[in-house]
Structures are given as structure tokens and as C-alpha cells.
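See below for the structure under consideration.
The values are calculated or read from the model by the stated rules, or taken from the named source; none is laboratory data. Note that the coordinates shown come from a computational prediction; the quantities given were computed from them, not determined experimentally. Because the Cβ atoms are built from the backbone with ideal geometry, glycine has one as well, and the counts that use them run over all protein chains shown. For the accessible areas, the whole protein counts, side chains as well, though only heavy atoms, and no ligand, DNA or RNA atoms are used. Shrake-Rupley method; radii C 1.70, N 1.55, O 1.52, S 1.80 Å.
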Amino acid sequence: MKEDIFMMTAIKLAENGIGFVNPNPLVGAVIVKDDRIIGKGWHEACGQPHAERNALRNCTESPEGADLYVTLEPCCHHGKQPPCTEAIIQAGIKKVYIGSDDPNPLVAGKGIEQLRQAGIEVVTGVCKEKCDRLNRIFFHYITNKTPYCMIKIAMTADGKTATRTGASRWITGELSRQHVHETRKLFSGIMCGIGTVIADNPSLTCRIENPSNPVRIICDTHLRIPMDCNIVRTAKDVPTIIATASQDSNKIQKLENQNVQIMKVPSCEGYVDLKSLMKKLGAQGIDSVLLEGGSHLHESALRAGIVQHIQIYIASKIFGGVSAKTAVGGLGVAEVDEAYLLTEPEIRRYGSDILLDYDILGE
């Protein structure tokens with residue numbers, strides 16, 4: 001169907017906003033007249049014009065009488081930008097095809113109703129599944145006020161994330177690692193535990209063309225982070241948060257002098273309370289968090305119920321070793337029926353590596 005073709009074009013346009021629109025949704029729009037695309041646009045950055053207005057502005061001829069394809073229900077309220085429904089009506093658009101309904105209480109069907117009241121025909125649910133998937137982060141955040149959380153794991157075919165000596169570079173191949181950096185761009189925040197910082201000294205940056213570095217979030221209950229680690233040394237260039245229960249005012253001052261934000265969080269069972277942390281991050285406008293280790297943080301996050309999605313890269317190699325690290329630490333579940341259940345995976349290949357994409361059932 002031609003409707004699907006035009007909506008898929010709008011989806012591709014929306015993807016241009018990845019890494020720049022959070023906590024807003026990714027939205028693409030296409031204006032079609034006599035089966036010809038006469039205008040294209042997408043939401044380019046938070047605070048800037050929305051996709052519909054960009055598409056109207058980019059029209060090569062009058063949009064009067066044309067059809068509009070948009071991946072998300074047009075907004076109908078004044079925020080940082082004026083309502084898109086207003087611009088659509090004024091432009092004389094005759095028919096609007098919509099992919100996803102907007103769960104934002106400020107919109108939630110009101111945009112569709114405004115268009116229909118203005119005499120514009122509205123068709124909903126076009127490529128709905130693909131449009132919904134485009135904005136799974138936004139949908140979770142706008143309805144829960146906490147970040148959409150995904151665990152990323154790289155492991156061997158026998159489930160090891162490091163050798164018995166702790167060596168872990170590199171488990172997966174170059175293509176997988178490139179995809180990880182592309183994935184990082186989707187998220188507002190990237191989180192790891194202090195154990196990973198001490199063991200690997202990561203930078204947690206997005207090393208691709210046209211990068212958008214997520215905020216780095218380190219769970220460090222007792223504020224053990226070394227002052228000379230890469231995270232602290234680059235905090236003046238990359239936004240950095242340390243979540244801690246520590247009251248060490250001297251260390252806190254030193255870190256703040258390096259432009260590190262200290263986020264005080266209560267402890268739970270001797271560690272940072274992750275549910276409390278998610279609420280604080282959400283209140284700060286961080287709509288999504290990518291968890292990249294270590295194994296204790298992964299287990300704590302699953303147990304706290306803050307995880308919505310898991311990506312597992314499996315390399316074509318075996319480490320072996322009883323003491324070699326696995327992806328999820330802690331005590332683990334006691335009985336089989338206590339397992340964390342996952343959906344059927346989406347499976348992709350990157351060179352000799354396999355990527356499994358799962359949603360967490362019940363989250």
C-alpha cells in the first residue's frame with residue numbers, strides 16, 4: 001500500500017533526530033500531493049520546531065489539499081513550540097495519516113479530535129507497530145516519569161563476560177562494538193557500577209560520526225571512584241552524575257570541582273536504591289538509561305524491576321572457567337519459576353557475533 005510506503009519514509013526521517021530530541025519523541029512527517037512528496041521534515045532537536053511544521057516549511061509547492069503522513073499524533077497544546085494541529089489546519093491539509101497515538105495526557109486523542117473538528121479526514125494506525133517501536137523510550141517516560149532502562153551485555157558463547165583474570169577486551173568484534181556506539185546515541189544516560197569503573201576505566205562516550213554523548217551515571221554507594229579515572233578526568237566535557245549514599249563531604253567537593261554532579265540517593269541492602277535513583281533521573285529530564293555493567297548492577301536492576309529491555313551480544317568464542325565472570329551476578333533466583341521472563345528475541349548478526357534483543361515480560 002502506498003500509505004505504508006509514505007509512512008516508512010516518515011519513520012526514516014524521524015530517525016535523524018536520534019540522540020538530539022530527548023526527552024521529546026522522534027517524529028517524522030511527509031506531505032504528499034497527487035502521489036508526490038512535496039515536503040519532508042522531522043523533529044531535529046528538543047526545543048526546536050516539530051516535524052509537521054518543518055515539513056510544511058520545506059514544501060516545494062502549496063500544501064493546500066495535500067495529505068500529511070506523520071509518525072505520531074500531532075500536538076495540540078502550547079509548549080516550547082505552538083500546536084502542530086494549528087499549522088496543519090491553516091495549511092489546508094485535507095487528510096492526515098497517523099502512525100502512533102500520543103499517550104501524553106496533554107495530547108492523548110485531543111490532536112486527532114481537533115483535526116476532525118476542522119473537517120480534516122484522519123486515518124490512524126498506519127504502520128503502527130513500527131511507529132510505536134520508534135518511540136518506546138518516549139512512551140515509557142511520558143507515562144511513568146522514569147527512564148526507559150535497557151541492559152547491554154557482551155558475552156561469549158558459554159556466557160562469560162571476562163576471563164578468569166578479568167580480561168574482557170574485546171569479547172565481541174568491531175561491527176558489534178560499532179553498533180553499541182550507535183545504540184548509546186539513543187539514550188539520555190549510560191550507567192555502570194563503580195566496580196566496572198575501577199576494573200576497566202571506561203570513558204562511556206559515543207564514538208561515532210555526529211555523536212551525542214549520553215549523561216554518564218555511576219552507581220558508587222561509598223564514593224570509591226578514583227579521581228584520576230577517565231570518567232572524572234573528562235567530566236568537564238561530558239556530563240557526569242555519581243549516584244551515592246556517601247556523606248564524605250571532602251570527596252564530594254573534589255568531585256564537584258571537576259564538574260561531577262553528585263546525586264544523593266538512599267541505600268537499599270547496602271547499595272544505591274535504584275528505584276529512587278530512577279525517579280530522581282526522570283525528574284531531571286533523563287528519559288532513558290543504558291546499563292553497561294557490571295554483573296552486580298545488572299542483577300540489582302532486574303531485582304528492582306527497573307529494566308524494560310535487554311540486548312545480548314554473543315561472540316563466537318568460549319572462555320570457560322568456574323571463576324570467570326557472568327553477565328548477571330548476585331545470588332540469582334532460587335527456583336526456575338522465579339526466573340525473569342523475556343519475550344521472543346529479535347535476532348541480528350554483526351560479523352560472527354549474534355545480537356539478541358529482548359523485552360522483559362511484565363515490564
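Of everything in the stretch 80-95, what is open to solvent by 50 Å² or more (accessible area, probe 1.4 Å) and in contact (Cβ under 8 Å) with a residue 12 or more places away in the chain? Give them in sequence order. Give the derivation first.
First pass over the stretch 80-95, keeping only residues open to solvent by 50 Å² or more (accessible area, probe 1.4 Å): 80, 86, 89-90, 94.
Once the filter is applied, which keeps residues that are open to solvent by 50 Å² or more (accessible area, probe 1.4 Å) and in contact (Cβ under 8 Å) with a residue 12 or more places away in the chain, the stretch 80-95 yields Lys80, Ile89, Lys94.
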Take the stretch 16-72 and flag every residue that is surrounded by 15 or more Cβ atoms within 10 Å (Cβ to Cβ) and assigned to a helix (DSSP H, G or I).
-> Asn16, Gly17, Ala51, Glu52, Arg53, Asn54, Ala55, Leu56
Which one is modelled with the highest pLDDT among residues in the stretch 164-179 that are within 21 Å of Glu299 (Cα to Cα) and open to solvent by less than 40 Å² (accessible area, probe 1.4 Å)?
-> Ile171
Reported set for the stretch 308-361 where residues are part of a loop (DSSP other than H, G, I, E, B), without any contact (Cβ under 8 Å) to a residue 60 or more places away in the chain, surrounded by fewer than 17 Cβ atoms within 10 Å (Cβ to Cβ) and touching a Leu at 6+ places or on another chain (Cβ under 7 Å) is Leu341, Thr343, Pro345, Leu361
Please report, ordered by residue number, the helices (runs of 4 or more DSSP H) entirely within the stretch 173-280 with at least 2 residues that are in contact with a His (Cβ under 9 Å, 6 or more places away or on another chain).
-> 194-200
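If the requirement is being modelled with pLDDT of 95 or more and of a type in the set (Gly, Ala, Ser), which of these qualifies: Gly47, Gly65?
Values: Gly47 fails: modelled with pLDDT of 95 or more.
One residue alone meets the criteria, Gly65.
Taking the stretch 247-263 as the region of interest, how many residues are within 23 Å of Pro202 (Cα to Cα) and open to solvent by 10 Å² or more (accessible area, probe 1.4 Å)?
Here is the first cut: in the stretch 247-263, the residues within 23 Å of Pro202 (Cα to Cα) are 251-263.
Adding the requirement that they be open to solvent by 10 Å² or more (accessible area, probe 1.4 Å) leaves 251-254, 256-259, 261-263.
Counting residues in the stretch 247-263 that are within 23 Å of Pro202 (Cα to Cα) and open to solvent by 10 Å² or more (accessible area, probe 1.4 Å) gives 11.
Taking the stretch 344-357 only, how many residues are more than 16 Å from Lys152 (Cα to Cα) and in contact with a strand residue (DSSP E or B) (Cβ under 9 Å, 6 or more places away or on another chain)? Write out each step before concluding.
Filtering the stretch 344-357 down to residues more than 16 Å from Lys152 (Cα to Cα) leaves 344, 351-352.
Add one more test, that the residue is in contact with a strand residue (DSSP E or B) (Cβ under 9 Å, 6 or more places away or on another chain), and what stays is 344, 352.
Number satisfying all stated conditions: 2.
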Identify the single condition in (1) open to solvent by less than 40 Å² (accessible area, probe 1.4 Å); (2) over 30 Å from Asn213 (Cα atoms); (3) out of contact with any Phe, Trp or Tyr (no Cβ under 6 Å at 6 or more places or on another chain); (4) not β-branched (Val, Ile, Thr) that Phe6 does not satisfy, given that it satisfies every other one.
-> (3)
Only residues in the stretch 276-299 that are within 15 Å of Met155 (Cβ to Cβ) count as the first member; pair them with residues that are surrounded by fewer than 19 Cβ atoms within 10 Å (Cβ to Cβ) and β-branched (Val, Ile, Thr), Cβ under 8 angstrom, at least 6 apart or cross-chain, and list the lot.
-> Ser295/Thr326
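Considering only the stretch 102-156, give the helices (runs of 4 or more DSSP H) lying wholly within it that have at least 3 residues that are under 30 Å from Gly305 (Cα atoms) and open to solvent by 50 Å² or more (accessible area, probe 1.4 Å). Explain how you work it out, then say what you get.
Working: elements: 110-117, 128-134, 136-144.
Per the criteria, 128-134, 136-144.
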Which one is surrounded by the most Cβ atoms within 10 Å (Cβ to Cβ) among residues in the stretch 267-283 that are at pLDDT below 95 and not aromatic (Phe, Trp, Tyr)?
-> Val272
